[in-house]
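The values are calculated or read from the model by the stated rules, or taken from the named source; none is laboratory data. Keep in mind that what you see is a predicted model, and the values were worked out from it rather than measured. Every residue, glycine as well, gets a Cβ built from its backbone with ideal geometry; the counts of neighbours run over all protein chains shown.
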Amino acid sequence: MQLLLIHSDYIEYEVKKSTPVAEEIEDSFKQGRLEEALTAFIAVEKVDEANVQGAISEAVEEIKNVATQVKAESIMVYPYAHLSSDLSSPKAGVAVLKGIEAALSGDFIVKRAPFGWYKAFKISCKGHPLSELSRTIVPDESTGEESSACGEVVKEEVVSEALKAESTAKSYWHVLTPDGELHDASTFDFKGHENLGKFVDYEISKARAVDKAPPHVELMRRLEIADYEPGSDSGNMRYYPKGRLMKSLLENYVLEETSKVGAMEVETPLMYDMNHPTLKKYLDRFPARQYSIESDKRQMFLRFAACFGQFLMNHDMTISYKNLPLKMVEMTRYSFRKEQRGELVGLRRLRAFTMPDMHSLCGDMEGAIDQFGQQYNMCIDVLDKIGIKVDDFEVAIRFTRDFYNENKDFITHLAKTVNKPVLVEMWDTRFFYFVLKFEFNFVDALAKASALSTVQIDVENAERYDINYIDSDGSANRPVILHCSPSGAIERCIYGLLEKEAMKAEKGGVPILPLWLSPTQVRIIPIGDKHMDYAMQIADKLNCRVDIDDREDTVGKKIREAGREWVPYVVVVGDSEVESGTINVTIRAESQPKKPVKVEMSPEELNSRVAAEIEGMPYKGLCLAKLLSQRPKFL
C-alpha cells in the first residue's frame, strides 16, 4: 500500500463521473469537505491482498501516528490509484479503504471519498515540515505462500542462488578516471560529475523501490505510447499503435546493427524445464527472479534471456575455429523476470520486456577481450543513434580483483573511450558466471538508474552446456562466451528518451523524439475546409509519416495539440500557401518555448530535409489513420 499524507487547512471533493469499477454510493457521498484535516491519499496494492487485515492495521497505525504528531482531529480517507502501478482488485481496494475508515472512526472525525469515481478536489497544504509525508506499507506474511483474495494459493517465487549471493557479497566501490586512477567512491569529488554521483548513491544504497511515478509515466500515456494492463500481472504493459511502431523501429534497428557485425538471427522457446540438469545449474548462476509455471506435471520457467536456447543450439552445432567469433542474436519478445513489486514503475522496470540478446563464441580470453572492446564501442554507437548520448548515461564496470590486476590497461581504456569517470564494482571472489561486465546506465528524474547496453565475459557456460569448437589441430576446445545486449531492453530505450526529454523540458527546452522514431513526422493543418485538397496534395508529395488534422477545431487548438504530441514538423496551409505553392513549416527541433521557428519552403525542400534526417534508419508508415478525425482515442 502507498500512502501520501497531507496535513491540510481543508480538503474538499465532488464526484464527476463513475468508472467501470465505481462503488455504489448515495447522494450524500458525492461530495465532502473537512477542515483542519489529515488527508490520507491511499493506493491499495496487490501485495495487500495477501493479508488484508494486516494492511489495514499497519496503515491505521501510520495514519494515527502522523495525525497525533500534527494534532489533527479529522481524517479524510481518499483513494488515489495514481500512487502505484501495482493496484489491487477493486473488491480488495474497497475492503481495505472501508476497514481503515472503520478503524479510525473511534478516535477521529473521518470521511472517506468514494472508490472508482472521477473526482474534482481542492486541498490546502499547511506547508510545515510534517505536512507532506509518504509511507509504503507491506503487510507481514507468515509463510512462504500467499493467499489471494479469492482463496487461491500462490507459490513462493523462485530466487536464484546468484541473486542470494549478490545480496550478501562484499563489493568494493571505486571511481575509475580516464587517467587510470582508482578512487574510493565514498571520498571521490563528484563536482562536475553530479549525475555520476547520483548513480553511485543509487548503486551502493540499492534503493530500487520508488515512492512516486517518474515523469515518463505521464508522458507514455499522454503520447499514447503505453499504459499499465490491469488484466495482466504487474509489469506487463499494453502498447498502443504509436508505442508498437516505436518498439518495432527500435527492434529492427538493433537487429540491423548486429547483422552488420556478423550475428545470425535465431529464435528459441519462451519456456524451459526447470529440472533440466544443465538449465538448473545455470538458473542458480543468474541474478534474476523467475516466473515458474506447471505444464504436464513438469515445473517450467519462463526465460529471462535468450541464453538457454542459444547455448542449447550451440551444443548441437559443429563449430570450427574458422567460424570464430561466432555470433547469434535473438530479439526476445518477451523475456520475463519476476521483479519485486515496489520496483515496478512505467517502462523503467518490467516483468515482461523485449531484449536483443547476442552471444559471441570466442576462441580464448584474448579474443573475448578484443570482442568486448569492439562491442563496447558498438553499444555506444547504437544508443547514440537511438538518441541517448554518452553524456546521457553513466558507465558501470564490474569485475573480479584478479581480472583487473591482469587487464588494467584494457579496463582503463574503457574509461578513456567515454572520456569521463566511471563506477567500478570489484569483488574478491567471482560468484556470477562472468569475470567482466559493463553497463550503460540511464539516471532518471528521480535519480533512479536503469541499465541499458551491457556486455559480459562468461567463463562458465561453455563447459556447463558442453559447447566445443574444433581447433586447427583437430582438438576440441571450450570457447569463451560474450553476452551482449546492444541497447538493453527496448522498452527502457523509450523510457530513457521520455525521461531525457522531460528533464530537458524542466530546464526550459522543447521536448522532442528523434525524427526516425516519431509516430508522426509531419502534421499538416489546413486553415479551412477549402484548403483540404492542397493539404492532401502536400501529404502525397512527402515520403514520411505525415498526417492531416481535419478535425473541427480552431487552428490554434490544432497547433497546440501537435505541440503536445511533440510533432517535429507542423505545416499550416491557407490561401497564401495555395497561391504560392509553398508551405509554412514550424520546426520543433529549432524552437524554444513560446518562440516557434517558422520557415517557408517548398514541399520538395521539406521532403529532402526529412529524408536527410532519417537516412540509414529503419522506416515504417503511419500506424494510425492519416486523417485525425478518423482516429480513436486510446485514453
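A compact table of results
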quantity: Scope segment 196-253; condition under 26 Å from Ala625 (Cβ atoms), of a type in the set (Ser, Thr, Tyr) and in contact (Cβ under 8 Å) with a residue 60 or more places away in the chain; matching residues; calculated: Tyr228, Tyr240, Ser248, Tyr253
quantity: Residue count, segment 380-439 (criterion: under 18 Å from Ser487 (Cβ atoms) and of a type in the set (Asp, Glu)); calculated: 6
quantity: Residues (closer than 19 Å to Phe311 by Cα and of a type in the set (Gly, Ala, Ser)) located in segment 329-366; calculated: Ser335, Ser360, Gly363
quantity: Test result for Phe432, of a type outside the set (D, E, K, R), modelled with pLDDT under 95 and either closer than 28 Å to Arg348 by Cα or touching an Asp or Glu at 6+ places or on another chain (Cβ under 7 Å) (or both); calculated: yes
quantity: Asp458 surrounded by fewer than 23 Cβ atoms within 10 Å (Cβ to Cβ), modelled with pLDDT of 95 or more, farther than 17 Å from Leu347 by Cα and of a type in the set (D, E, K, R); calculated: no
quantity: Checklist (1) crowded, with 21+ Cβ neighbours inside 10 Å; (2) more than 26 Å from Met317 (Cβ to Cβ); (3) not polar (S, T, N, Q) applied to Tyr469, failing item; calculated: (2)
quantity: Selection count where residues are in contact (Cβ under 8 Å) with a residue 24 or more places away in the chain and among the basic types (Lys, Arg), scope segment 491-505; calculated: 2
quantity: So Gly474, is it in contact with a strand residue (DSSP E or B) (Cβ under 6 Å, 6 or more places away or on another chain), at pLDDT 95 or above, small (Gly, Ala, Ser) and at positive phi; calculated: no
quantity: Test: residue in segment 350-357 that is of a type outside the set (Ser, Thr, Tyr), free of Cβ contacts under 8 Å to residues at least 40 places away in the same chain and in the same structural domain as Ile411 (by TED's automatic domain parsing); calculated: no
quantity: Residue match in segment 558-573 (condition: assigned to a helix (DSSP H, G or I), touching a residue at least 60 places away in the same chain (Cβ under 8 Å), in contact with a strand residue (DSSP E or B) (Cβ under 6 Å, 6 or more places away or on another chain) and among the small types (Gly, Ala, Ser)); calculated: no
quantity: Strands (runs of 3 or more DSSP E) (entirely within segment 1-118) containing at least 1 residues that are among the aromatic types (Phe, Trp, Tyr) and farther than 20 Å from Tyr228 by Cα; calculated: 2-18, 31-43, 74-79
quantity: Residues (in a strand (DSSP E or B), within 13 Å of Glu491 (Cβ to Cβ) and not charged (D, E, K, R)) located in segment 229-270; calculated: Met237, Tyr239
quantity: Residues (under 24 Å from the mean Cα position of the chain (by Cα) and among the charged types (D, E, K, R)) located in segment 415-470; calculated: Glu425, Lys437, Glu439, Asp444, Lys448
quantity: Scope segment 443-494; condition of a type in the set (Lys, Arg) and either over 30 Å from Arg221 (Cα atoms) or not assigned by TED's automatic domain parsing to the domain that holds Gln371 (or both); matching residues; calculated: Arg464, Arg478
quantity: Selected residue (only one of Ser160, Ser142 is of a type in the set (Ser, Thr, Tyr), modelled with pLDDT of 50 or more and more than 30 Å from Ala72 (Cβ to Cβ)); calculated: Ser160
quantity: Among the residues listed as Gly488, Gly508, Gly528, the single one being in contact (Cβ under 8 Å) with a residue 12 or more places away in the chain, of a type outside the set (Lys, Arg) and farther than 21 Å from Thr586 by Cβ; calculated: Gly488
quantity: Ile225 being buried (at least 20 other Cβ atoms within 10 Å of the Cβ) and β-branched (Val, Ile, Thr); calculated: yes
quantity: Residue satisfying condition, being aliphatic (A, V, I, L, M), touching a His at 6+ places or on another chain (Cβ under 9 Å) and at pLDDT 95 or above, within set Val546, Val573, Val555, Val585; calculated: Val573
quantity: Matching option when the condition is aliphatic (A, V, I, L, M) and under 30 Å from Glu506 (Cα atoms), among Ala625, Ala611, Ala589; calculated: Ala589
quantity: Only listed residue being among the aliphatic types (A, V, I, L, M) and surrounded by fewer than 19 Cβ atoms within 10 Å (Cβ to Cβ), chosen from Ala92, Ala22; calculated: Ala22
quantity: Which numbered condition Asp48 misses (of (1) more than 31 Å from the chain's Cα centre (by Cα); (2) touching a residue at least 60 places away in the same chain (Cβ under 8 Å); (3) surrounded by 14 or more Cβ atoms within 10 Å (Cβ to Cβ)); calculated: (1)
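Residue-by-condition table, conditions (1) of a type outside the set (S, T, N, Q); (2) over 29 Å from the mean Cα position of the chain (by Cα); (3) surrounded by 17 or more Cβ atoms within 10 Å (Cβ to Cβ):
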position: Thr68; (1), (2), (3): no, yes, no
position: Leu83; (1), (2), (3): yes, no, yes
position: Leu87; (1), (2), (3): yes, no, yes
position: Lys98; (1), (2), (3): yes, yes, no
position: Ser105; (1), (2), (3): no, yes, no
position: Lys111; (1), (2), (3): yes, yes, yes
position: Pro114; (1), (2), (3): yes, yes, yes
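Rundown of residues vs (1) small (Gly, Ala, Ser); (2) over 18 Å from Glu439 (Cβ atoms); (3) modelled with pLDDT of 95 or more, yes/no style:
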{"residue": "Arg337", "(1), (2), (3)": "no, no, no"}
{"residue": "Met365", "(1), (2), (3)": "no, yes, yes"}
{"residue": "Gly373", "(1), (2), (3)": "yes, no, yes"}
{"residue": "Val382", "(1), (2), (3)": "no, no, yes"}
{"residue": "Glu394", "(1), (2), (3)": "no, no, yes"}
{"residue": "Phe403", "(1), (2), (3)": "no, no, yes"}
